[in-house]
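Trainee: The following block contains the structure, expressed as structure tokens.
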Amino acid sequence: MPISRRRLLSAGLAVAAGTLAGCSSSSTAKDGGSEVEVFSWWTGPGEKEGLDALVSDFKTKNPGIDFNNATVAGGAGVNAKTILANRLKANNPPDSYQVHAGLDLQSDVRAGRCEDLTYLYAQQGWKDKLPKSLLDAITLDGKIYSVPVDVHRANLLWYRPKVATDAGITAPPATWDEFLTQAEALKGKGLTALSIGPGWTQKHLLETVLLGQLGPDKYLGLWNGRTDWKSTDVLATLAVYTKVLSYSDIASAAGDWQPALDKMIAGTAVYNVMGDWAIAYLSISKQLVYKDDYAVTTSPGSAGVYDFLSDSFTLAKGAPHRAEGEKWLVECGSIGGQDLFNPRKGSVPARTDTDRAFYKGYIAEAMAAWADSDTTVVGSLTHGVVANTAWNAAIDTALATFVRSHDAAAFATSVASSYESSK
Ligand code: GAL
């Protein structure tokens, strides 16, 4: 009897499923235990410390599970995301991977990359432990798809008080206009006003200029079609961005965010715009003292606004070690895990019921601002909240051209049209 093409296909699938099942049991570790592979980009100084603390707590609680720490270097996951996409395409997923809450995660959900975790939230009683804005950012069609470990703030300006004072600056700039005035004076003294790193840090700077110049409402409108990219005020803001960049060291941009901060630490550049993971680098890796050795304020024009992002972990579809992957997620969502991770990562815990005694200095201040009902919360572009993966990638390409051409109209047109095509 001829085998129908359909039966052949389902037989093929059965073989594939068998292979996966075999894979899972054959990867059982030597000592009779099991393993879990967790994929992230937290391997550099200022990021590794937090992950290590979480992993070591996981290992204590799960002594039988080997932890396979699959990290790929590169801030904001620029390299990790490409490698992950290739692995998922090749049907070789890790068990759990890092993804930003928001449209970044939603793009993955739509692409069928990760599992619905609503059952785990019910089982662990997590649903009412997260703020609503964060829960919304990980929910699609009523289902919850990842476990957030932290909340970071992107709209921050870092500097060394002594370097600024020595350069004649009495207070950090409250607006981008003030920044430009200071930058011109610093240039006269042979100082670089702003250090910058690779493309993603230039996008991070762009989002803070958009936020500071346009205000939170128009900023949010950029991502949902309500603010016209080609309008006069957006074009004027893009011109301000170009001016800001002209006072940076973009011609000799640093390779990543840590070396960009190194220039601020060394005092060859006065300011750096970066998210609050910088605190982990400055205070833990570099052993500098908050307020004495370095200080931070909101990026110009964004006082009272929290440009947020959140790192979360998924259970990948086809995870070879599903049960162990779930245990990792339980660790990520636990109070104990979050209280070990966040003080070392420079972030606010995703959960609202953690132990405040662990959070000091800047992080205690950030926690208060995040919880304050007077704070205006907006989402980060660069770190996955407000634009889907396809649009964000198109913005990267357009921005790489814009920082060289300075053609604001061409950039705005390109961003607006890629919004339409990536919807
Ligand atoms: C962000 C991430 C942060 C931090 C930063 C620099 O995208 O959410 O946790 O790792 O990149 O790599």
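The values are calculated or read from the model by the stated rules, or taken from the named source; none is laboratory data. Worth saying up front: this structure is predicted, and the values here are computed from it rather than measured. Using ideal geometry, Cβ is built from the backbone for each residue, glycine included, and neighbour counts are taken over all protein chains shown.
Trainee: Which of the residues spanning the range 201-252 are without any contact (Cβ under 8 Å) to a residue 24 or more places away in the chain and charged (D, E, K, R)?
Mentor: If the condition is that a residue be without any contact (Cβ under 8 Å) to a residue 24 or more places away in the chain and charged (D, E, K, R), then 217, 218, 226, 233 are the ones that fit.
Trainee: Identify all residues within the range 47-83 that are part of a strand (DSSP E or B), of a type outside the set (Gly, Ala, Ser) and within 16 Å of the ligand (Cβ to nearest atom); write none if there are none.
Mentor: 69, 71 - these are the residues of the range 47-83 that are part of a strand (DSSP E or B), of a type outside the set (Gly, Ala, Ser) and within 16 Å of the ligand (Cβ to nearest atom).
Trainee: Moving to a separate point now. Could you please let me know if residue 44 is surrounded by fewer than 22 Cβ atoms within 10 Å (Cβ to Cβ), within 15 Å of the chain's Cα centre (by Cα) and within 11 Å of the ligand (Cβ to nearest atom)?
Mentor: Yes; evaluated as a whole, the condition is true for this residue.
Trainee: Among the numbered conditions (1) of a type outside the set (S, T, N, Q); (2) within 18 Å of the chain's Cα centre (by Cα); (3) under 16 Å from residue 326 (Cα atoms), tell me where residue 64 comes up short.
Mentor: (2)
Trainee: Looking at residue 351, is it within 19 Å of residue 312 (Cα to Cα), more than 15 Å from the ligand (Cβ to nearest atom), of a type outside the set (Val, Ile, Thr) and crowded, with 19+ Cβ neighbours inside 10 Å?
Mentor: yes
Trainee: Output the helices (runs of 4 or more DSSP H) that fall wholly within the range 84-179 and possess 1 or more residues being more than 16 Å from the ligand (Cβ to nearest atom), more than 21 Å from the chain's Cα centre (by Cα) and not aliphatic (A, V, I, L, M), or say none.
Mentor: It comes to 118-124, 161-166.
Trainee: Just a yes or no: is a residue in the range 132-143 within 29 Å of residue 238 (Cβ to Cβ) and either free of Cβ contacts under 8 Å to residues at least 24 places away in the same chain or among the small types (Gly, Ala, Ser) (or both)? Outline the logic, then answer.
Mentor: The first filter runs over the range 132-143 and keeps only residues within 29 Å of residue 238 (Cβ to Cβ), leaving 133, 137.
Keeping just the survivors that are either free of Cβ contacts under 8 Å to residues at least 24 places away in the same chain or among the small types (Gly, Ala, Ser) (or both) gives 133, 137.
Scanning the range 132-143 turns up at least one residue that is within 29 Å of residue 238 (Cβ to Cβ) and either free of Cβ contacts under 8 Å to residues at least 24 places away in the same chain or among the small types (Gly, Ala, Ser) (or both).
Trainee: Given the residues 273, 305, 296, which is the only one that is under 20 Å from residue 386 (Cα atoms) and within 16 Å of the ligand (Cβ to nearest atom)?
Mentor: 273
Trainee: Any residue that is in a helix (DSSP H, G or I), of a type in the set (Gly, Ala, Ser) and within 20 Å of residue 159 (Cα to Cα) - is there at least one of those in the range 219-241? Step through it out loud before you land on a result.
Mentor: At the first step, the residues of the range 219-241 found to be in a helix (DSSP H, G or I) are 219-224, 232-241.
Right, trim to of a type in the set (Gly, Ala, Ser) and you get 221, 236, 239.
Those still in the list that are within 20 Å of residue 159 (Cα to Cα) too: none.
Scanning the range 219-241, I find no residue that is in a helix (DSSP H, G or I), of a type in the set (Gly, Ala, Ser) and within 20 Å of residue 159 (Cα to Cα), so the answer is no.
Trainee: Kindly evaluate residue 345 against the criterion of being in contact (Cβ under 8 Å) with a residue 12 or more places away in the chain, among the basic types (Lys, Arg) and either surrounded by 21 or more Cβ atoms within 10 Å (Cβ to Cβ) or within 16 Å of the ligand (Cβ to nearest atom) (or both).
Mentor: Answer is yes for this residue.
Trainee: Right, something else. Can you report the number of residues in the range 253-277 which are within 18 Å of the chain's Cα centre (by Cα), among the hydrophobic types (A, V, I, L, M, F, W, C) and either at pLDDT below 95 or not in a loop (DSSP other than H, G, I, E, B) (or both)?
Mentor: Looking only at that region, the number is 4.
Trainee: While we're on this one: Taking the range 411-423 only, how many residues are buried (at least 19 other Cβ atoms within 10 Å of the Cβ) and either farther than 29 Å from residue 276 by Cα or not aromatic (Phe, Trp, Tyr) (or both)?
Mentor: Residues meeting the conditions: 4.
Trainee: Being on the phi > 0 side of the Ramachandran plot and small (Gly, Ala, Ser) is the filter; apply it to the range 113-172 and report the residue that is surrounded by the fewest Cβ atoms within 10 Å (Cβ to Cβ).
Mentor: Residue satisfying both the conditions and the ranking: 142.
Trainee: I've got another one for you. Among 378, 386, 403, which is the only one that is touching a residue at least 12 places away in the same chain (Cβ under 8 Å) and more than 16 Å from the ligand (Cβ to nearest atom)? Lay out the reasoning, then the answer.
Mentor: Numbers: 378 fails: more than 16 Å from the ligand (Cβ to nearest atom); 386 fails: more than 16 Å from the ligand (Cβ to nearest atom).
Answer to the selection: 403.
Trainee: While we're looking at this one, here's another question. Looking at 408, 390, 316, which is the one that is over 30 Å from residue 292 (Cα atoms), buried (at least 17 other Cβ atoms within 10 Å of the Cβ) and touching a helix residue (DSSP H, G or I) at 6+ places or on another chain (Cβ under 6 Å)?
Mentor: 408
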